[in-house]
1. For labels at Asn80 and Leu751 in the simple 7 Å Cα→Cβ model, what's the distance in nm?
2. How are the alpha carbon pair distances in the stretch 323-389 distributed across 5 Å bins from zero to the largest one, expressed in percent?
3. Given R₀ = 41 Å, what would the calculated FRET efficiency be for Asp648 paired with Lys227, taking r from the Cβ atoms and rounding to 0.05?
4. Is the C-alpha gyration tensor of the stretch 525-683 telling us rounded, prolate or oblate? Criteria: a/c under 1.5 is rounded; beyond that, a/b larger than b/c is prolate, otherwise oblate.
5. Kindly state, to the nearest 0.05, the FRET efficiency for His424 paired with Phe664, given R0 = 56 Å and r defined as their beta-carbon distance.
6. In nm, to one decimal, how far is the Trp259 label point from the Glu71 one, both placed 7 Å along Cα→Cβ?
7. Averaged per residue, what accessible surface does the stretch 617-760 expose to a 1.4 Å probe, in Å²?
8. Convert each backbone phi in the stretch 129-144 into a coupling constant with the Karplus relation 6.51 cos²θ - 1.76 cosθ + 1.60 (shift: θ = phi - 60°), then list the ³J(HN,Hα) values in order as whole Hz, x for Gly and Pro.
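The values are calculated or read from the model by the stated rules, or taken from the named source; none is laboratory data. Fair warning: this is a prediction, and the values are worked out from it, not measured in the lab. No Cβ is skipped: glycine too gets one built from the backbone with ideal geometry, and neighbour counts run over all protein chains shown. Just the protein is used for accessible areas: all its heavy atoms, side chains included, with ligands, DNA and RNA removed. Shrake-Rupley method; radii C 1.70, N 1.55, O 1.52, S 1.80 Å.
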Amino acid sequence: MELCFHCGDPCKETAIVAQDKHFCCHGCKTVYDILNDNDLSHYYNLETRPGISPSRFDGKFDFLENDSIVEKLLDFNENNVQVVTFTIPSIHCSSCIWVLENLHKIEPAVQSVQVNFPKKTARITYAANELKLLDVVVLLSKIGYEPYISLEDATKEDARIDRSLIYKLGVAGFAFGNIMFLSFPEYFEVHDFWLDRFKHLFRWLMFGFSLPVVLYSGQDYLISAFKSLRAKMLNIDIPIALGIIVLFARSTLEIAMDWGTGFFDSLSGLVFFLLLGKFFQQKTYSFLSFERDYKSYFPIAVTRLRKLTSEGNTSIKEEQAQINELAPGDRILIRNEELIPVDGILINGNALIDYSFVTGEAEPVTKQSGDTLYAGGRQQAGIIEVEVIASVAQSYLTQLWANDVFSKRHTTFYKGITNTVSKHFTISLLAIAIIATTFWLYYEPSLALNVFTAVLIVACPCAIALAAPFTLGNMLRIFGRHKLYAKNSAVIEQLAEVDTVVFDKTGTLTTTKKSVITYEGIALTSEEERLLTATLRASNHPLSRSLYDMLQVNDIYTLDEFTEEVGQGITGRKEYNQVKVGGYDFVAKNLPQHEAPLSSNRTSVHISTNKQYKGCYVFYHEYRTGVQAVFDALSPSNELVVLSGDNDGEKAYLSKLLPKKTRFAFNQKPEDKLVFIKRLQQDGKKVLMVGDGLNDAGALAQSDVGIVISENINVFSPACDGILDAARFNDLPRFIQLSEKARAVIKYAFLFSLLYNLIGLGFAVIGHLKPVIAAVLMPLSSISIVVFTTLYTYVLGRQLQTKGTRQSSVR
């Protein structure tokens, strides 16, 4: 009987033939036609018969015509762009991922699809003016990926926990214990009248105990092997399933023919220990995932506004708050270029929101007072006041950060090794098992079955596959606990390959906490100071924030207009008064001639009001404690560069402070920094860029690894790969060293796994390894790798101080 070319099910009497291909139903043929007509037939090259036969859905999703229901299901709805996340149970292989992520070729209005394979979810972004949510669902259903939609899921999280593995482990353990108990008399060759009389009953009881082990506890291995063979592929579950079937069949035959007690103890032990190893791995993965999502996420804080009443007077106090502390009704302040971390209502200010962090599209949206603002947007038009309407889990922002839009698409070395080994492992293992069994059938037939089963069971690529994920996952968690928040584990692997480190100066090497600021020029009036303070309040630049902290005693009001030219300066206007703040060239442009300030070669912020140059605030920077030690630690194995948008007024001091081979580049605009990084990469350098995430976002995105030093945790750049708390700046060399050591740990684990497989196969092939011992050794190999990598990375993590070093001046 022919199998359906699309889904692999048997084609019955109603088989449909088209283009020499057989289909079991018109639904499968329709899906094939859709994929073929849209140049997506590569779907069938990734897996053989990977599809799901679509079911009938006429009228099933009519409830999606209701706008209120649609609004509950949407994650984002702004500027004709909608984002929705669906659970799609039929996602099961690489072909599924490929066809879903290429959905835009079938329907151009679909902008992007992100598939989370472990959770079987797809996050779909589409043009709402061209496509309705109903159309998206119907399209998915037509190609066999009908989403599971529950209106309850729109309002609350699914709290169900899958305990099937625990149940299967319990059944296997119960059966294993009882079978071992029933086997004791024959183990010790006890000859007793009653034992001999009930021997056959005991054997059939062992058979009865083994049935739920094979049919229930071991079903995942059998089903996985069946699907793999049906798709004409070989996966790691095939040898295990073959071992289970052979042991069960041989044992049943032995007791039926009264040849012996069989191998039911080995069979139940095999499944029990396999499930035990699987349970241990699952628990470890869950722990790492929990640590990542709820403990080691990157920090995002906002400025919360609190009303204080004292003696009948009401005042507003600004305070920093983590987003998990926000509640509906709170008022927060969002400055220019800050991320909106929660859903809210715009209360005051001019909002121009860039939602590229959510949608990948960088077209700003204008908002009016009373409009809804979605989490993940970035304000681009000065300061706004927002009322929180719904808190958003930080794991949501972590998910946005991991969007492919911001990925650098590095191919990791260890992933390549793991895939290659796993791909050829099963074929090699089956070949060894057949050759060894053939040999023993000639020389000692009684050992042939033991050899065949032991070879299939003892060898396992799982240890190789687990080495990199567990090592890098553990390091990711340890780094997070020590205030380096990496986007994903691939960042750690890339960090280990760095040979050039580029530092931004202002806000990275310098701290804004203790800067000494003096004013030189014409004294500002009180009205001019108020306008200056309100303008500085809207900016996130380190110099602006330092100056604002000094001036905020002045009464603050809302500006009528605010603009910022990145790397140049800011402009604020209130009624007929205007102030310009920034570099001298920016402020003095188009102004009447005046005497240039003496501070032009120092770090300074220049001021003009109403087209009249006033003067400047001069900053005497305080460099972070340990800057020299950090550079000295990195110098032996890395090329070091300092990039700065400031003038070279402090070059002489830095030249004395830092290693002689350090390179300097001053007066660098944001685009200059990006070009500088590109040139280093063209010379074959692996570049780590360390900046503050403001004027160097392009350079951070271009670099192999981009890390933001976070002293002001309101600032977040999606382009970066990691965020380092400023208090842990001194530990940067240690983080790089630990990344290199983590790579060494993976190599050790690979070597250990290789030796284990070679030694285990050696004993199995010569007939010195019983199946039950092999069943114990197989999960133990995986568990030992997990324990080894966990303990080793824990020891490495101990090298990082638990508490961050307080920053103080070196000047």
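1. Modelled inter-label distance: 6.1 nm.
2. Calculated over all Cα pairs of the stretch 323-389, the distribution is 4, 21, 33, 26, 13, 3, 0 percent.
3. On the way: r = 66 Å, r/R0 = 1.60.
For Asp648 and Lys227, the calculated efficiency is 0.05.
4. prolate
5. Numbers: r = 51 Å, r/R0 = 0.91.
Once the sixth-power term is evaluated, E becomes 0.65.
6. Once both label points are built, they end up 7.2 nm from each other.
7. In whole numbers, the stretch 617-760 has 38 Å² accessible per residue.
8. 7, 10, 9, 9, 4, 4, 5, 5, 5, 5, 4, 4, 5, 4, 9, x
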